[in-house]
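Asks: Below is a structure I'd like to ask you about.
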Amino acid sequence: MTTNQPAIQTFGLTKAFGDVRALIDLDLEVYRGEVFGFLGPNGSGKTTTIRLLMDFIRPTSGRAEILGLDTRQHAFDLRRMVGNLPGDFLIYPQLTVEGFLKLCSGGRPGGLRRAEDLAERFGLSLTRKVGTLSTGNRQKAGLVQALMHDPELVILDEPTSGLDPLVREEFYRLVDEEKERGKTIFLSSHVLPEVERICDRIGIVREGRLIAVEEVESLKRHKRRHMEVTFASEVDISPIKALGNSGVELVASGGSFIELSVPEGSVDRVIKVLAGLPVTDLVFPEATLEEAFMSLYENAENGDAS
Amino acid sequence: MKRALVSVHIRMGLYGNLAWAGGLVLYAAAISWLYPTISAVEGMGDYLDAMPEQFRELAGVSDLTQALDEQGFFTFEGFLSTEYMSWFPVLLGIYAIISGVGLLAKDAERGALDIILGQPIHRYAYLLTRAATQISVLGVLVLVSYVTLLLGAALINEPISELNLLYAHIVALGLIVSLFSFAVLWSAVFLRTSRAMAVAGLATVLAYVVNILSPSLGPFDWLEKLSPFAYYESLSLLNTGDIDPVSIVVYAGIVVAALGVATRVFERRDLVS
């Protein structure tokens, strides 16, 4: 259902807080109908980007468009079309969950019925006071308010923070359903398996700069993989060490066991070297996004973000 | 959204506002109940004449008893003015300032602004809706005071002009809402309760002190005109019922200017979280 029409576009979006540049020259396109993960460690600029998109803070320079509308000039109209879950939010503790959702339903009819369905799916009681909710239940209430209006675009800041694994899985299923229905989802996260599970593409941000935008599958295909090899007896590993020229790293070795980090394109060479050795076991799992992410991060630190 | 906001904030502030209303009722009732006893005391003039010279200088009169008598101090209106009407806008003013500085800053500090302003509501509409709600609450509290005093006067059989008492309350409300609006302005500027309270509170205390000390300020007595308290003269209002149009203009001007600037600032600024 992904189209080439952008749901979110930013043009040199920059935000400085005093001398600190929290976001630098962000040029980003998120397409309609896709699930886009915005990754980076704490303080990398994810929340700043989301708050700029929602017009909670104003850019130092650059601008952004959502669904073709300027985020500053059409902030009010956009809030009818966009669902948002802020990071670390709190709301009036005296309200019941139902009261909180009623407050958020103003100006957009029909949300409460869907809110009830969503609350049931997440196992959220509508009668409890917001102030008595655990972090996870408060997050569920936030997710319900973000999704209750069936918005075209949902912007979520670390949506599964505090959720237990079962609810997290329910949330993933919901994201899949929303995507099937052609909705666009932009979410920030630093939980890599989550992004791997639900996102079509990811953007990686580091110290306020976007260092990569890739499809999840392609990112995994292109990055280093981890390999563990066990031999029948202690072997001479000098041929393996020689693979260092091809970027293969000997992560650990001891007796009849070695652990390697293998870059894309060197697998063939490694297998050929191993073929001449008495291998009794080989573990070579699929590349995880975490490895890809770390690899990209290391490359960026070394000044090579490609 | 606006209606829901009003309803939520009225419900959230209900117990606090009921406590304020209860306090005002007790205060107003006690003052009404005390008057027959106090007015029967002889020698009040001697008591006032025994005040130190410095006190009389501070008040700007040489014969305190005569001055107060001329102003109607020894009537029920005078007693009400001294013991209640001079203090009640100060008390409600404190409440107005506390609620004003928290209007935006509390929501910002608890992280609620991102949720609320993520809904389809303009920032100006949010601010003005919240302000209008609180001004209405202040209006109800002033009404409670008015009704309690009327009932109190009736119970002790002291005739008082309902209209004059109403005018005094209306001008008092103007003063209270001015203080509230001024506090809202600083709430919008800082989005931090402590900083807004420091500035709004200090400025209000200064304005109050300037108004109190104005008779002894000599060539600087014009400073009194900078204090909103100078435009509220409860005794004159209770005695004559003449509302000085300047006071209405000043209070309306403060409210419009403070809320206007607050809206402008809030529209333009980053929401801190």
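All of the numbers you see were taken from the coordinates with simple rules; none came from a lab. None of these values were measured; they are calculated from a predicted model. Glycine gets a Cβ as well: all are built from the backbone with ideal geometry, and neighbour counts include every protein chain shown.
Asks: With +1 on the Cβ of every Lys and Arg and -1 on the Cβ of every Asp and Glu, and nothing else charged, how large is the dipole of chain A about its Cα centre, in debye rounded to the nearest 20? Write down the numbers at each step before the final one.
Replies: Numbers: 36 positive and 46 negative charges, 248 e Å.
Magnitude of the dipole: close to 1180 debye.
Asks: Between residue B:243 and residue B:54, what is the label-point separation in nm under the 7 Å Cα-to-beta-carbon projection?
Replies: 4.0 nm
Asks: Taking only Cα atoms and a 10 Å spring cutoff, compute GNM fluctuations for chain A and point out the largest among A:178, A:29, A:259.
Replies: Judging by the Gaussian network model, the answer is A:259.
Asks: Continuing with this model, one more query. Grab the beta carbon distance between residue B:86 and residue A:96, set R0 = 41 Å, and tell me the FRET efficiency rounded to 0.05.
Replies: Working from the Cβ atoms, E equals 0.45.
Asks: Looking at chain A as a GNM with Cα springs under 10 Å, which of A:179, A:140, A:102 has the largest mean-square fluctuation?
Replies: A:102
Asks: Let me ask something additional. So what is the relative contact order of chain B, in percent, for Cα pairs below 8 Å that sit 6 or more residues apart? Present the calculation step by step, with values, prior to reporting the outcome.
Replies: Numbers: 310 pairs, mean separation 76.9, N = 273.
This gives 28 percent for chain B.
Asks: Treat every Asp and Glu Cβ in segment B:2-268 as -1 and every Lys and Arg Cβ as +1, leave all other atoms uncharged, and give the resulting dipole magnitude about the Cα centre to the nearest 20 debye.
Replies: 2100 debye
Asks: Let's test the formula: R0 of 30 Å, r as the Cβ-Cβ distance of residue B:125 and residue A:113. What FRET efficiency results, to the nearest 0.05?
Replies: So the FRET efficiency works out to roughly 0.70.
Asks: From the phi of every residue in segment B:83-94, what ³J(HN,Hα) in whole Hz does the Karplus formula 6.51 cos²θ - 1.76 cosθ + 1.60 yield, where θ is phi - 60° and glycine or proline is x?
Replies: With the stated coefficients, segment B:83-94 comes to 8, 10, 5, 6, 9, 5, x, 6, 4, 5, x, 4 Hz.
Asks: A further question follows. Going by amide H atoms built from the backbone, whose H comes under 5 Å of the H on residue A:84, apart from near neighbours?
Replies: A:155
Asks: For chain A, what relative contact order do you get, as a whole percent, if you take Cα pairs closer than 8 Å and at least 6 residues apart?
Replies: Reported as a whole number, the value is 19 percent.
Asks: Between residue A:218 and residue A:277, what is the label-point separation in nm under the 7 Å Cα-to-beta-carbon projection?
Replies: Roughly 3.4 nm, to one decimal.
Asks: What FRET efficiency, computed as 1/(1 + (r/R0)^6) with R0 = 41 Å and r the Cβ-Cβ distance, is obtained for residue B:3 and residue B:269, rounded to the nearest 0.05?
Replies: Between residue B:3 and residue B:269 the formula returns 0.95.
Asks: Using modelled backbone amide H atoms (1.01 Å from N, in-plane), which distant-in-sequence or interchain residues come within less than 5 Å of residue A:17's amide H?
Replies: A:22
Asks: Right, another one. For a quick check, take a GNM of chain B with Cα springs below 10 Å and name the residue from B:158, B:53, B:233 with the largest mean-square fluctuation.
Replies: B:53
Asks: Give me the extension gain from residue A:132 to residue A:19: residue separation times 0.36 nm, minus the current Cα-Cα distance, reported in nm with one decimal.
Replies: 36.8 nm
Asks: Then there is this: Work out the charge dipole of chain A with +1 on the Cβ of Lys and Arg and -1 on the Cβ of Asp and Glu about the Cα centre, then indicate which of A:211, A:100, A:81 is farthest towards its positive end.
Replies: Checking the options against the dipole of chain A, the answer is A:100.
Asks: When the helices in the protein assembly as shown are scored as -39500 (n - 2.57) per DSSP H run of 4 or longer and the sum is shared across all residues, what 222 nm value do you end up with, to the nearest 500 deg cm²/dmol?
Replies: On the way: 24 runs with 308 residues, N = 579.
Calculated from helices alone, the mean residue ellipticity at 222 nm is -17000 deg cm²/dmol.
Asks: Mind listing the phi-derived Karplus ³J(HN,Hα) values for segment A:140-150, rounded to whole Hz, using 6.51, -1.76 and 1.60 with θ = phi - 60°, and x for any glycine or proline?
Replies: 4, 4, x, 5, 4, 5, 6, 9, 5, 8, 6
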